[in-house]
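Here the structure is laid out as structure tokens; the discussion comes afterwards.
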Amino acid sequence: MNSKEFVQELRDKVKAFCATLDDRPPAYSYVPLTTDEERVRVMKSRLWNELRAADLFGGWLKTTPELEVKTMMARSAHEEMTHAGLLMARIRELGAEPFDYRPLPAQMSMFNAMEALPDTCQRLAGFSMGGEGIANYLIEKCLAAPSVPDWIKAPYKRILADEEGHGSGPEEILVRYATTPEVQDATRRAVAMRLVLMREYLASLDRWAMNEADW
């Protein structure tokens, strides 16, 4: 399989995953939430994601040999911290403490698994395509939903604009480097792993945000 076909395969897998969320949007999208307490809970969880994502990008720099990828990751780390600042400020405006959040076990597992990915193709496919692609899809649902208050939508309009500004970058790098069956197989597995862990994180966030369970 040539690398362009391979990237399209990964894109289709992520698209199919997103389609499974259409009938019942998760709490992560804010769409089903009915109280500000629930919304602040989800925003705290998503703030943790932004901070952990910055850690990942920064931590990968030392073991990333490709200069253009290293540059992209450094910029991404800064961008994730900027997004974290937006969410932190909004949480404080609601009178809540941004940093009393305890990450859900599935959430921790997901990021720890991403951190352990050993090379550029697995990292960009698993984290950027498999994770940020889903996050952006759900942000779009958030922005389109009348049930979501404007105080939530405002920071996510900025976040989505930033993400869309470089959304094709990881795919272009995968086209360049995911050229052998061995690399493609490992990268495919990284995406599959991310989707499995993402589904459990979304499910546990639903339970916790709506006070149905601790996680």
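Ignoring any ligand, DNA or RNA, what whole percent of the accessible area of the range 29-115 comes from carbon and sulfur when the probe is 1.4 angstrom? Intermediate results must be reported in sequence, preceding the final value.
Numbers: 2240 of 4010 Å².
Answer for the range 29-115 is 56 percent, counting heavy atoms of protein chains only.
Kirkwood radius and radius of gyration were both taken over the C-alpha atoms of the chain, and their ratio Rg/Rh is 0.96. Annotation: peptides 105-118, 87-100, ranked by per-residue average of other Cβ atoms within 10 Å with the highest first, follow the order 105-118, 87-100. Label sites at residue 16 and residue 143, each approximated as a point 7 angstrom past Cα along Cα to Cβ, lie 2.8 nm apart.
Under the rule of -39500 (n - 2.57) per DSSP H run of 4 or more residues, summed and divided by the residues of the chain, what mean residue ellipticity at 222 nm is obtained, to the nearest 500 deg cm²/dmol?
Details: 9 runs with 150 residues, N = 215.
Using -39500 (n - 2.57) per qualifying helix, the result is -23500 deg cm²/dmol.
I need to check one value: relative contact order of the range 1-96, counting alpha carbon pairs closer than 8 Å and at least 6 residues apart, in percent. Dividing the mean separation by the residue count of the range 1-96 yields 25 percent. Restricting everything to alpha-carbon atoms, can you work out Rg to Rh for the range 40-164 with a Kirkwood hydrodynamic radius? Value, to two decimals: 0.97. Give the separation of the Cα centroids, the range 20-35 to the range 129-159, in Å. A separation of 11 Å, based on Cα centres.
Using only Cα coordinates, the Kirkwood hydrodynamic radius of the range 149-201 works out to 13.7 Å.
Mean shadow of the range 22-66, computed from the convex hull of its alpha carbons, in nm²? It would help to have the intermediate numbers written out before the result.
On the way: hull surface 18.0 nm².
So the Cα hull casts an average projection of 4.5 nm².
Tell me the net charge near residue 148. Cut-off is 9 Å between Cβ atoms, residue 148 excluded, with +1 for each Lys or Arg and -1 for each Asp or Glu. Once all neighbours under 9 Å are counted, the net charge is +2. The order of the peptides 50-62, 11-23 by mean Cβ neighbours within 10 Å, most packed first, is 50-62, 11-23.
Strictly greater than 16 Å: what percent of every Cα pair in the range 9-102 meets that? Please report the intermediate quantities before stating the final value.
Working: 2866 of 4371 pairs.
So the pairs more than 16 Å apart make up 66 percent of the total in the range 9-102.
With semi-axes defined as the square roots of five times the eigenvalues of the C-alpha gyration tensor, the equivalent ellipsoid of the range 93-168 measures 26, 19, 10 Å, largest first. Per residue, the accessible area of the range 56-184 comes to 46 Å², computed with a 1.4 Å probe over protein heavy atoms only.
The values are calculated or read from the model by the stated rules, or taken from the named source; none is laboratory data. All figures in this text were calculated on a predicted structure; none of them were measured in a lab. When we count neighbours, we look across all protein chains shown, and the Cβ atoms used for this are built from the backbone with ideal geometry, even at glycine. When the accessible area is computed, the model is the full protein with side chains, heavy atoms only, and any ligands, DNA or RNA have been set aside. Shrake-Rupley method; radii C 1.70, N 1.55, O 1.52, S 1.80 Å.
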